[in-house]
1. Restricting to the stretch 1-27, and then to whatever is among the aliphatic types (A, V, I, L, M) and modelled with pLDDT of 95 or more, can you tell me which residue is surrounded by the fewest Cβ atoms within 10 Å (Cβ to Cβ)?
2. I'd like to verify a number: residues in the stretch 71-82 that are assigned to a loop (DSSP other than H, G, I, E, B) and either at pLDDT 90 or above or more than 24 Å from residue 10 (Cβ to Cβ) (or both), how many?
3. Out of (1) open to solvent by 40 Å² or more (accessible area, probe 1.4 Å); (2) more than 25 Å from residue 29 (Cα to Cα), the odd one out for residue 129 is which?
4. Kindly provide the set of residues from the stretch 60-81 that are out of contact with any Leu (no Cβ under 6 Å at 6 or more places or on another chain), open to solvent by less than 40 Å² (accessible area, probe 1.4 Å) and of a type outside the set (Asp, Glu), ordered by number.
5. Go through (1) over 30 Å from residue 133 (Cβ atoms); (2) loosely packed, with under 13 Cβ neighbours inside 10 Å one by one and return the number of the condition residue 84 breaks.
6. Residue by residue through the stretch 94-122, note down the ones that are outside any loop (DSSP other than H, G, I, E, B), modelled with pLDDT of 90 or more, closer than 18 Å to residue 18 by Cα and open to solvent by less than 50 Å² (accessible area, probe 1.4 Å).
7. Yes or no: residue 57 closer than 15 Å to residue 10 by Cα, assigned to a helix (DSSP H, G or I) and open to solvent by less than 70 Å² (accessible area, probe 1.4 Å)?
8. Could you list, ordered by first residue, the pairs with Cβ atoms under 6 Å in which the first is in the stretch 205-220 and in a helix (DSSP H, G or I) and the second is among the polar types (S, T, N, Q), at least 6 apart or interchain?
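The values are calculated or read from the model by the stated rules, or taken from the named source; none is laboratory data. All values reported here derive from a predicted model rather than from experimental measurement. Note that each Cβ is placed from the backbone with ideal geometry, even for glycine, and that neighbours are counted across all protein chains shown. Surface accessibility is based on the protein's heavy atoms, side chains included, excluding ligands, DNA and RNA. Shrake-Rupley method; radii C 1.70, N 1.55, O 1.52, S 1.80 Å.
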Amino acid sequence: MADDDMVYMLLGIENQREVHYAMPVKTMLYDAMEYVSQIQEAARAHSKAKNYGSGAEFLSGFHKDDRLLPVITLVIYWGDGEWMGPRCLHDMMNIKNKTALRFISNYEINLIIPNELNDEEIEKFSSDLGKALMYIKNMRNPSEIKKMITDDRYRSLESETGILLSEVMNFEYHLPKREEVTDMCYAFEVLVKEAAEEAAIKASWEAAILTTIETCREFDMAEADIERKIMGKFEISEEEAREYMLGKSA
């Protein structure tokens, strides 16, 4: 690659688990603040070197030959649904007049949504980011996840990526001490075990509620009183209590 083709830039990452309905303004502010910071740094450098330049350069603090480092903010949406928020500044406005819109600067967000990417596009990310995106894309597809955790390309992840996935995919995974790499096969074994334990606790809880209802009925307690009793004792809603009264799991 020729030197002229090299592009140096500052890359920011904004992680979103939920849709943010003001994201174009939010990322625009982040980028603007970084550009302001670069201009201020240039002004400090010129002042320290006593290189004040022309009158116009002195007033702006930024000299004619100074250049900004490009800033790009990537918004990664980790949710498993569709991004329903705006993708540019114009989306946040209620203006249909095309002539007016020509004079209103737009600001598009660089949005990455795993569900909207095909496998080939995701695999272009050579870092762990690509692996994380692939896991998120397939998080509702157990058969694909099973393939991934036994595939050498996806099984091992940097510890930070593993922790990120545990947060996004909603499972508890604590990296063993002094470990720098997450074994996703083991991580999902932990997930399955936790799910089984939660199911067992729920089954035990439901059994206790149903037993309470049955016992109260043996003592001819009024149905309304039984309902109030299980609502208070087990801290459940009226709707859940009625489901249990009918012999169903809430």
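1. Filtering first and then ranking leaves 22.
2. Residues meeting the conditions: 4.
3. Just one mismatch for residue 129, condition (2).
4. 61, 63, 73, 74, 76, 77, 78, 79, 81
5. Every listed condition holds for residue 84 apart from (1).
6. Of everything in the stretch 94-122, just one residue is outside any loop (DSSP other than H, G, I, E, B), modelled with pLDDT of 90 or more, closer than 18 Å to residue 18 by Cα and open to solvent by less than 50 Å² (accessible area, probe 1.4 Å), namely 111.
7. It is false that residue 57 is closer than 15 Å to residue 10 by Cα, assigned to a helix (DSSP H, G or I) and open to solvent by less than 70 Å² (accessible area, probe 1.4 Å).
8. So the pair list comes out as 206/249.
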